[in-house]
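What follows is a short report on a single structure.
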């Protein structure tokens with residue numbers, strides 16, 4: 001049987017399947033069948049970014065097929081494994097029965113979480129140094145959390161799932177959104193007016209026009225990216241627009257409301273030490 005199979009693989013019809021069958025030579029010099037590769041065509045795009053849930057569903061379906069094959073196999077047969085290949089049979093990686101894009105999604109999801117946490121920590125430290133007020137810094141970080149929640153809600157509204165591009169964008173959201181909140185918080189901290197409401201009004205009067213101009217220029221830049229044909233650039237442009245709009249809204253509504261309610265009544269005075 002093995003001899004006939006080897007002879008058939010040497011023909012014109014069998015030559016294209018030569019890479020799908022493997023043999024090994026026993027100590028007595030005879031050949032035995034080592035492995036047989038089963039190919040399956042799929043409509044899933046192996047190149048590009050796919051929704052994580054789609055990948056998991058497809059992986060589970062193929063896993064069920066694999067388990068059925070192993071259940072019907074004889075005891076002397078080596079168990080089958082699932083690998084991710086291309087049209088020319090080149091194997092990308094087996095990843096211990098996990099498709100490589102699913103593993104990449106897991107890695108980027110962890111990275112985005114750590115990116116958000118580290119970004120908020122750095123933002124808190126910067127706000128503490130610049131404003132020299134724990135209350136103002138905590139209020140500003142609370143507004144950053146609102147911006148992040150708004151961006152996540154916008155991504156869900158747009159039908160995005162947590163993929164590679166989305167995870168990379170989330171790593172940047174803290175740094176992109178902190179500027180708006182930082183400017184208003186600094187203007188409030190530097191105001192010489194007395195009373196929370198008066199200091200809030202002074203901060204908005206000082207930073208209202210610059211924030212609007214900054215938001216406008218950012219949206220124009222984001223629109224330029226949205227006109228690109230490359231999917232990655234389009235998503236980055238939409239993400240910039242989401243972040244800019246939510247940052248502006250938070251800096252003009254939630255942050256002033258919190259500062260006017262819980263912020264310090266007057267500018268902190270520092271007394272120089274006497275010699």
* the stretch 137-213: percent of C-alpha pairs farther apart than 22 Å? -> 37
* Structure fact -> D (µm²/s, integer) via Stokes-Einstein for the stretch 171-245, Kirkwood Rh across alpha-carbon pairs, 20 °C, 1.002 mPa s: value 156
* **Cα coordinate range in the stretch 207-273, projected on the principal axes (Å, largest first)** => 59, 29, 20
* Post the alpha-carbon centroid distance, the stretch 129-159 to the stretch 216-269, in whole angstrom. => 10
* **Fraction in percent of alpha-carbon pairs per bin - 10 Å, the stretch 101-262** => 11, 37, 32, 15, 4, 0
* To do: Starting from the coordinates of the alpha-carbon atoms of the stretch 113-159, obtain the Kirkwood hydrodynamic radius over all distinct pairs and give the value in Å to one decimal.
  => 11.4
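Laboratory data are not the source of any read-out in this text; all were calculated from the coordinates shown. The structure displayed is predicted, hence computed values, not measured ones.
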